[in-house]
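Visitor: Let me give you the structure first, and then I'll get to my questions.
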Ligand code: F6P
């Protein structure tokens, strides 16, 4: 049976370029005589049958607009499965949910589904394919760029540019006041956004979740060395998920202790919600408590002052840049072609400069910056060489 009606949903946090993917899908669908149905608010709309037909005639240049036309949510029908620890129980519940979900295709009156999302959304799609052979294609999305199956996700470069612009601009006020600015960049688990925007703007210290930092050697010593070398203002790019090493936490931190962390609100799996600490604000407090740092600044003619800026959701806001518009359109086109081929259970992915496909289950996993990355080497050189070359 040829595919006649395709459902599309977007799940998880929004990202610039989601509408570009939609437009790419719609262009190819129109040309192939396929009808597209927008399923609203991600998996929530899928489960509750909330949908709306998408008419390309009313959507000129949709690819240039930020956000998602069909709304999004973090609703995850597999939440209960993730909470289980017993492998057999997990497997049984996963199968049961997949079978229930497969029956929704009929209620929604769709022949196939394109799910656009991050590891959470695509994890659900992968399970639906694995356990019920659902006619499903995945498109990878997250501004964090932390999906294993693709070199870049759309939305990432728009967010990197946005953070770089803010940091570039902040240098004028930092310079005017001779201040230390700590800029907190999105990225709970992976540091791609902080690393790329930090390097591009020439941040003086870059802290990411993958390499837990030592307050003494990675922050205080660097600031002292920089001020000794004549630098009067400093920019620290810090991931929202950056965290001190255990050793440094116990040894150097005065405003948070192990008890603070134990008392934090927990996520559904019992892990402390470290993000609620707002690491940039903690760093400001910690640096302000360091008389030795203040003295070193004073000796070098600078009054120590430190401020934090949390970029937060501004990083997902606004229109996609040209790269993300094109990548979104290419992903949309590739996803619809895959539907037409009826080759399901795949995720479209950017590999080098080509848009290819790979099994959903493989691609929908998390990716991190690895120790051997040239970005880590660049970061470390940027931090060190600038002050050392002036000594
Ligand atoms: O997953 C993308 C992301 O932007 C993370 O970097 C950030 O921690 C999170 O979403 C914020 O999510 P929410 O919009 O649900 O607050």
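The values are calculated or read from the model by the stated rules, or taken from the named source; none is laboratory data. No experiment lies behind these values; they were computed from the predicted model shown. No Cβ is skipped: glycine too gets one built from the backbone with ideal geometry, and neighbour counts run over all protein chains shown.
Visitor: Quick one: residue 63 ticks every box in (1) modelled with pLDDT of 95 or more; (2) in a loop (DSSP other than H, G, I, E, B); (3) more than 16 Å from the ligand (Cβ to nearest atom); (4) surrounded by 13 or more Cβ atoms within 10 Å (Cβ to Cβ) except a single one, so which number is it?
Guide: Among (1) modelled with pLDDT of 95 or more; (2) in a loop (DSSP other than H, G, I, E, B); (3) more than 16 Å from the ligand (Cβ to nearest atom); (4) surrounded by 13 or more Cβ atoms within 10 Å (Cβ to Cβ), residue 63 violates only (2).
Visitor: If you go through region 213-235 one residue at a time, do you hit one that is touching a residue at least 24 places away in the same chain (Cβ under 8 Å) and either farther than 25 Å from residue 292 by Cα or under 20 Å from the mean Cα position of the chain (by Cα) (or both)?
Guide: No, region 213-235 contains no residue that is touching a residue at least 24 places away in the same chain (Cβ under 8 Å) and either farther than 25 Å from residue 292 by Cα or under 20 Å from the mean Cα position of the chain (by Cα) (or both).
Visitor: Tell me yes or no: at least one residue of region 340-357 is assigned to a helix (DSSP H, G or I) and free of Cβ contacts under 8 Å to residues at least 60 places away in the same chain. Don't jump to the end; show me each part of the working.
Guide: So the first thing to find is which residues in region 340-357 are assigned to a helix (DSSP H, G or I), and the list is 340-341.
Next cut, free of Cβ contacts under 8 Å to residues at least 60 places away in the same chain only: 341.
Yes.
Visitor: Consider region 120-132. How many of its residues are in contact (Cβ under 8 Å) with a residue 60 or more places away in the chain and either away from the ligand (no atom under 16 Å from the Cβ) or outside the structural domain of residue 351 (by TED's automatic domain parsing) (or both)?
Guide: The total comes to 4.
Visitor: Just one of 247, 268 is surrounded by fewer than 20 Cβ atoms within 10 Å (Cβ to Cβ), modelled with pLDDT under 95 and either under 18 Å from the mean Cα position of the chain (by Cα) or in a loop (DSSP other than H, G, I, E, B) (or both); which is it?
Guide: Answer to the check: 268.
Visitor: Within the bounds of region 103-119, is there any residue that is crowded, with 17+ Cβ neighbours inside 10 Å, within 15 Å of the ligand (Cβ to nearest atom) and in a helix (DSSP H, G or I)?
Guide: There is at least one residue in region 103-119 that is crowded, with 17+ Cβ neighbours inside 10 Å, within 15 Å of the ligand (Cβ to nearest atom) and in a helix (DSSP H, G or I).
Visitor: Next up: For region 361-371, does any single residue satisfy the condition of being within 16 Å of the ligand (Cβ to nearest atom) and part of a strand (DSSP E or B)? Steps first, answer last, please.
Guide: Initially, region 361-371 is screened for residues within 16 Å of the ligand (Cβ to nearest atom), giving 364-369.
Retained after the next criterion (residues that are part of a strand (DSSP E or B)): 366.
For region 361-371, residues within 16 Å of the ligand (Cβ to nearest atom) and part of a strand (DSSP E or B): present.
Visitor: Of all residues in region 187-200 being touching a strand residue (DSSP E or B) at 6+ places or on another chain (Cβ under 9 Å) and surrounded by fewer than 22 Cβ atoms within 10 Å (Cβ to Cβ), which is nearest to residue 298 (Cα to Cα)?
Guide: 199
Visitor: Take region 78-93 and flag every residue that is in contact with a helix residue (DSSP H, G or I) (Cβ under 6 Å, 6 or more places away or on another chain) and surrounded by fewer than 19 Cβ atoms within 10 Å (Cβ to Cβ).
Guide: Pass one, region 78-93, residues in contact with a helix residue (DSSP H, G or I) (Cβ under 6 Å, 6 or more places away or on another chain): 78, 81, 84, 90, 93.
Across region 78-93, the qualifying residues are 84, 90, 93.
Visitor: Considering (1) more than 28 Å from the chain's Cα centre (by Cα); (2) at pLDDT 95 or above, say which one residue 254 fails and leave the rest.
Guide: Exception for residue 254: condition (2).
Visitor: Which condition does residue 165 not pass, out of (1) within 18 Å of residue 313 (Cβ to Cβ); (2) surrounded by fewer than 24 Cβ atoms within 10 Å (Cβ to Cβ); (3) within 16 Å of the ligand (Cβ to nearest atom), if it passes all the others?
Guide: Here residue 165 meets the rest and fails (3).
Visitor: Next question. For region 191-209, how many residues meet the condition of being more than 19 Å from residue 250 (Cα to Cα) and more than 14 Å from the ligand (Cβ to nearest atom)?
Guide: 9
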